[in-house]
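**Q** The following block contains the structure, expressed as structure tokens.
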């Protein structure tokens, strides 16, 4: 009789001092720009290029940044834009994912493959085509023009379809016996069970569209439709010199809502992604 060889066991070595040093260097490289922005924003312009522990603190940079651009309008535009896109994505993606997961119709696999193809297409490739479409519809320089190309999310459809397919069909059958319609089953069974996926996707969608810059820059021409990221370009003018204290203060004002939101909901953020795995 031949002896069976023992199964190979993977051995994980403890991190060496080089691994620890590399991790600390990467962390330092990541935090340095944010640390510089915080230091410069809360100190007078004279201290933007030199570090003194006893340098005076000031909020004047934030006041100057707020007066230099209509930030109230930019904040309102960004909040409305992000809310509009997220609401549309959740509704359309939920209906599409439910159809792909539970209904059988001709060409279903082909249509779902086309959805997956969209995940491989960079949004920047469609800038010219999207602009022509918005111009034909007469929507240039509107919030609707910024959000319309993002209303249907292939990523959300994929995530929700995988989640819905993991829900036992016995729940559908039990609900139908009780006289529930398809929409009632979706609303009372599928959506509550997929809540972690909705939370994870909402966090990703909000952060992406809050920071989106190129498409809003192309499609908007006035303050009435510009979001925060496009409004920041006011501070890129070099006619009167570059004041890094004002620039960093404006940058912190635009990114503060996302930073505060992540700090408040970081536990839900991590748990949502851990529970929203592909099945």
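**Q** All but one of (1) free of Cβ contacts under 8 Å to residues at least 24 places away in the same chain; (2) part of a helix (DSSP H, G or I) hold for residue 115; state the number of the condition that does not hold.
**A** (1)
**Q** Please work out which one of (1) crowded, with 16+ Cβ neighbours inside 10 Å; (2) touching a residue at least 24 places away in the same chain (Cβ under 8 Å); (3) in contact with a helix residue (DSSP H, G or I) (Cβ under 7 Å, 6 or more places away or on another chain) is the condition residue 185 fails and give its number.
**A** With (1) crowded, with 16+ Cβ neighbours inside 10 Å; (2) touching a residue at least 24 places away in the same chain (Cβ under 8 Å); (3) in contact with a helix residue (DSSP H, G or I) (Cβ under 7 Å, 6 or more places away or on another chain) applied to residue 185, the lone miss is (2).
**Q** May I ask you to list the residues in the range 158-192 that are within 30 Å of the chain's Cα centre (by Cα) and more than 17 Å from residue 99 (Cβ to Cβ)?
**A** Passing the criteria: 188, 192.
**Q** Can you name the condition, by its number, that residue 119 falls short on among (1) surrounded by 13 or more Cβ atoms within 10 Å (Cβ to Cβ); (2) in contact with a helix residue (DSSP H, G or I) (Cβ under 6 Å, 6 or more places away or on another chain); (3) more than 24 Å from residue 224 (Cα to Cα)?
**A** Tallying (1) surrounded by 13 or more Cβ atoms within 10 Å (Cβ to Cβ); (2) in contact with a helix residue (DSSP H, G or I) (Cβ under 6 Å, 6 or more places away or on another chain); (3) more than 24 Å from residue 224 (Cα to Cα), residue 119 fails exactly one: (1).
**Q** Further question on the same structure: Of all residues in the range 127-143, which are without any contact (Cβ under 8 Å) to a residue 40 or more places away in the chain and surrounded by 14 or more Cβ atoms within 10 Å (Cβ to Cβ)?
**A** The answer is 133, 139.
**Q** What number of residues within the range 13-41 satisfy the criterion of being in a helix (DSSP H, G or I) and free of Cβ contacts under 8 Å to residues at least 12 places away in the same chain?
**A** 19
**Q** Sticking with this structure for a sec: With the structure loaded, tell me whether residue 57 is closer than 17 Å to residue 252 by Cβ and modelled with pLDDT of 85 or more or whether it fails that test.
**A** In short, yes.
**Q** Taking the criterion of being modelled with pLDDT under 85 and surrounded by 10 or more Cβ atoms within 10 Å (Cβ to Cβ), would at least one residue in the range 21-43 satisfy it?
**A** No, the conditions are met nowhere in the range 21-43.
**Q** Now a separate question. Any idea how many residues of the range 203-223 are in contact with a helix residue (DSSP H, G or I) (Cβ under 7 Å, 6 or more places away or on another chain) and either at pLDDT below 90 or surrounded by fewer than 19 Cβ atoms within 10 Å (Cβ to Cβ) (or both)?
**A** 9
**Q** Just one of the numbered conditions (1) closer than 24 Å to residue 227 by Cβ; (2) assigned to a helix (DSSP H, G or I); (3) touching a residue at least 60 places away in the same chain (Cβ under 8 Å) is not true of residue 191; which one?
**A** So residue 191 meets the others, but not (1).
**Q** Right, next: Say whether the condition of being surrounded by 15 or more Cβ atoms within 10 Å (Cβ to Cβ), in contact with a helix residue (DSSP H, G or I) (Cβ under 9 Å, 6 or more places away or on another chain), free of Cβ contacts under 8 Å to residues at least 40 places away in the same chain and within 27 Å of residue 230 (Cβ to Cβ) is met by at least one residue in the range 46-59. Break it down into steps so the answer makes sense when it comes.
**A** Filtering the range 46-59 down to residues surrounded by 15 or more Cβ atoms within 10 Å (Cβ to Cβ) leaves 47-48, 58.
Checking the rest, the ones that are also in contact with a helix residue (DSSP H, G or I) (Cβ under 9 Å, 6 or more places away or on another chain) come to 47-48, 58.
Filter once more, keeping what is free of Cβ contacts under 8 Å to residues at least 40 places away in the same chain: 47, 58.
With the extra rule that they be within 27 Å of residue 230 (Cβ to Cβ), the set shrinks to none.
No, the conditions are met nowhere in the range 46-59.
The values are calculated or read from the model by the stated rules, or taken from the named source; none is laboratory data. Keep in mind that what you see is a predicted model, and the values were worked out from it rather than measured. We place every Cβ from the backbone using ideal geometry, glycine too, and count neighbours over all the protein chains shown.
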